1. Divide by every residue of the chain the summed helix terms, -39500 (n - 2.57) for each DSSP H run of at least 4, and state the resulting mean residue ellipticity at 222 nm, rounded to the nearest 500 deg cm²/dmol.
2. Of the lysine pairs in the chain, how many meet both conditions: Cα atoms under 22 Å apart, and a spacing of 8 or more in sequence or different chains?
3. Give me the Debye-computed log₁₀ of I(q)/I(0) at q = 0.09, 0.14, 0.15 Å⁻¹ for the range 21-161, equal point scatterers on Cα only, no solvent, two decimals.
4. Could you work out the relative contact order of the range 39-166, using alpha carbon pairs under 8 angstrom and six or more residues apart, expressed as a whole percent?
5. Which cross-chain or sequence-distant (5 or more) residues have an amide H under 5 Å from the amide H of Asn23, H modelled 1.01 Å from N in plane?
6. With θ taken as phi - 60° and the coefficients 6.51, -1.76 and 1.60, list the Karplus ³J(HN,Hα) couplings across the range 51-62 in order, rounded to whole Hz; mark glycine and proline as x.
7. Which value, in Å to one decimal place, does the Kirkwood hydrodynamic radius take for the range 177-226 when every pair of different Cα atoms is included?
8. Work out from phi, with θ = phi - 60° and the Karplus expression 6.51 cos²θ - 1.76 cosθ + 1.60, the ³J(HN,Hα) of each residue of the range 111-126, listed in order in whole Hz, and give x for Gly and Pro.
Amino acid sequence: MGAGQNTALISLDQAIDLALAHNHAIKATRTLILQNQAQEITANLRPNPTFAADSQFIPIFTPQDFSVDELNLTQQFDLGISYLFERGHKRQRRLQAARDQTAVTRAQVADAERSLAFDVGQQFVSVLLAESTLQFAQENLKDFQGTVDIAQAQYNAGAISEADYLKIKLQLLQFQTDVSAARLAKVQALVGLRQLLGYDAAPANYDVVGDLAYQPLKGNMEDMQARAIRERPDFQAARLGVTAAQSQVLLAQANAKVDV
């Protein structure tokens, strides 16, 4: 890519790996799995037994009334223990619903990773395209500079007028503008790619390495459709979402049971 000696070069595979490892948005999305796993622990908790104790008619403010007879005849002490018996398999339904929701979240996170990899690849191609455009602009400028040099020699020899020479030289500014615009476009593309990778994943003076060679994709439409249905995580999330909804229905039916 014509990068300097100390410039870090990143390939497409490296860019995708860096994005999956350092992108802050995908890191935040992955925490949803941990949150759902914590919900599984909460859903599987059993009710705790409750111990209660109380007393009445204790002469706290009249300690002189403390006596054995007073304790036997007047004062009251109550002790009790209770435990909630859940009916309808509520705990099992809660746990299954939480597990199904975790499965949905895993598929959604996988889909977010797939989308991020696609965005990185698309932006990576944009950088390569910007680099190619810059190279063409520089070559055009170099070629036209030769035309300007020839016009300079013709003008010095009196073969063309000064007006014609200035017209040719003026066109040189357009080629120089094209080079500046192409260089700016590449810088902007690199900044956009670095944003997807994570600013701590790539140095400020990094560059990409790769080419824009066309590689045909083998396969027919039926095979691609079958593979998409089998592997696309967003489709899997939709299917798992149906299962999670069914678990919620069973949980609602279990909650309708009266506990003891």
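1. Details: 7 runs with 175 residues, N = 260.
That calculation yields -24000 deg cm²/dmol at 222 nm.
2. Details: Lys90/Lys257; Lys142/Lys167; Lys142/Lys169; Lys142/Lys186.
Close lysine pairs found across the chain: 4.
3. -0.70, -0.91, -0.95
4. Values: 62 pairs, mean separation 30.4, N = 128.
Once divided by the residue count of the range 39-166, the mean separation gives 24 percent.
5. Residues meeting the amide H criterion: none.
6. Working through the residues one at a time gives 9, 10, 8, 8, 9, 9, 6, 8, x, 5, 8, 10 Hz.
7. Details: mean 1/r = 0.0707 Å⁻¹.
About 14.1 Å, per the Kirkwood formula over Cα pairs.
8. 5, 5, 5, 5, 5, 5, 4, 5, 5, 5, x, 5, 5, 4, 5, 4
The values are calculated or read from the model by the stated rules, or taken from the named source; none is laboratory data. Bear in mind the structure is a predicted one, so any value in this text is a computation, not a measurement. What goes into the accessible areas is simple: the full protein's heavy atoms, side chains included, and nothing from ligands, DNA or RNA. Shrake-Rupley method; radii C 1.70, N 1.55, O 1.52, S 1.80 Å.
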